[in-house]
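In what follows, a single structure is set out as structure tokens and then discussed.
The values are calculated or read from the model by the stated rules, or taken from the named source; none is laboratory data. The structure presented is a predicted model; accordingly, all values stated were derived computationally and were not measured. Here the Cβ positions follow ideal geometry from the backbone for every residue, glycine too, while neighbour counts run over all protein chains shown. With ligands, DNA and RNA removed, areas are computed over all heavy atoms of the protein, side chains included. Shrake-Rupley method; radii C 1.70, N 1.55, O 1.52, S 1.80 Å.
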Amino acid sequence: MASSTGLRFELIEGWEQLPAGWEHPDAAAVAVDSHDRVFLLHRGEHPVIIYDREGRFAGSWGDGQFTGQAHGITIGPDDMVYVTDRDHHTVRKFTPDGVLLMTLGTPLAPSNTGATGPDFRTITQAAGPFNCPTNLALAADGDLYVSDGYANARVHRFSAAGELKQSWGSPGTGPGEFNLVHGIAVAADGRVFVCDRENDRIQIFSPAGEYLSQWTDVQRPSQIVFDAQSRAYVSELPWPRGGATGHGTTADKDLPGRVSIFDLDGQVLGRLGNPDPHASTSVAAPHGLAIDSHGDLYVAEVAATGARQGWIPEGCRTFQKFAVS
């Protein structure tokens, strides 16, 4: 991918060096720590896999700790690791080697939104933390923002110690309303960017939850991250022909998955993607993103889910590294 910033991204074939017999059919999320170690969260055995920057295996943890729908991973400036587990209805904070430090939410006890399972279309009311949460973002002051999620329509703001400070959002398509609040990030200026996935938009809020604006040049945005220059990278899932959005439209053609780069005003700077989901320039089912200190891009993809549900073919990659030049 080339962009108006002059950035170019090239797939690094063979970067990932997994132990023999290990696999990750669904890679849900990825994060990078202060040493450029890469933490991959996936939905299988050894759910948190750690690599060094060269792709060498550096360890794993999390066996038996997560449901089959572990969803988001975020690493703070102190290298503590936050894992959002959708069907456990919690966000948990760990040390880098997997020691549990804090739990937000009540395990296996979803809040009462009236939803039938993880289905945003069945929500009848917004509620407190959590019902199928999706991701977490950290602000510079230490506050934690959680997107919640598949069966709720809220953003929750916690103190660094885990005290709930406020919540906002409700089901719908208007300002401050959500249809599957999926990804979340806090910009350097404190604004909170929320991927309102099935409404095909990113909503932007003040740190206190005041609606400010939205970006609509996106399709099914699943996660958003910022690089050191405050450029926003957004992973966007494909829309299959005939897919019904949460805002009342239907896709009239197949729209492949992609990663888009925006400036802080929402102008598109570049896009990575290819109509052929098996191409080296392709991201078939991008679900999670991370950027290291060199500007290299890591993409986690839910390929097994996509193939099973029929919106991507079999055999697509599940985890990719693109080097910047």
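A compact table of results
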item: Computed FRET value (nearest 0.05) for ASP227 with LEU18, which takes r as the C-beta separation and R₀ as 35 Å; result: 0.85
item: Average projection area in nm² (convex hull over Cα atoms of segment 224-325, one quarter of hull surface); result: 6.9
item: 23 Å Cα-Cα reach of LYS253 towards lysines, excluding residues that sit fewer than 8 places from it in its own chain; result: none
item: Per-residue SASA entry for THR106, accessible area with 1.4 Å probe, Å² rounded to 10; result: 80
item: Nearby lysines by direct alpha-carbon distance to LYS321 (threshold 26 angstrom, same-chain neighbours under 8 apart not counted); result: LYS93
item: R0 of 41 Å, Cβ-Cβ distance ASP276-THR67: FRET efficiency to nearest 0.05; result: 0.80
item: Semi-axis lengths, Å, the chain, gyration tensor of Cα atoms, sqrt of 5 times eigenvalues; result: 26, 23, 20
item: In sequence order, calculated HN-Hα J values of segment 307-314 (Karplus, 6.51, -1.76, 1.60; Hz; x Gly/Pro); result: 5, 5, 8, x, 9, 9, x, 5
item: Segment 37-173: equivalent-ellipsoid semi-axes (sqrt of 5 x gyration tensor eigenvalues, Cα, Å); result: 27, 17, 12
item: Average projected area [Cα convex hull, segment 123-227], square nanometres; result: 5.9
item: Spin-label zone in segment 200-227 - amide nitrogen under 15 Å from a point set 7 Å from the Cα of THR173 along the C-beta vector; result: 200-202, 216, 220
item: Check: the chain dipole with +1 on Lys, Arg Cβ and -1 on Asp, Glu Cβ, in debye; result: 540
item: Dipole magnitude of segment 131-192 about its Cα centre (Cβ charges: Lys, Arg +1; Asp, Glu -1), debye to nearest 20; result: 80
item: Distant-in-sequence amide H partners of HIS287 (H built 1.01 Å from N, under 5 Å); result: ALA300, GLU301, VAL302
item: Cα-projected label distance for SER325 with ASP254, points at 7 Å along beta-carbon direction, nm; result: 3.0
item: Label-to-label distance, nm, for residues given as GLN267 and THR122 (7 Å Cα→Cβ offset); result: 4.5
item: Net charge contributed by nearby residues that have their C-beta within less than 10 Å of ALA153 (K/R +1, D/E -1); result: -2
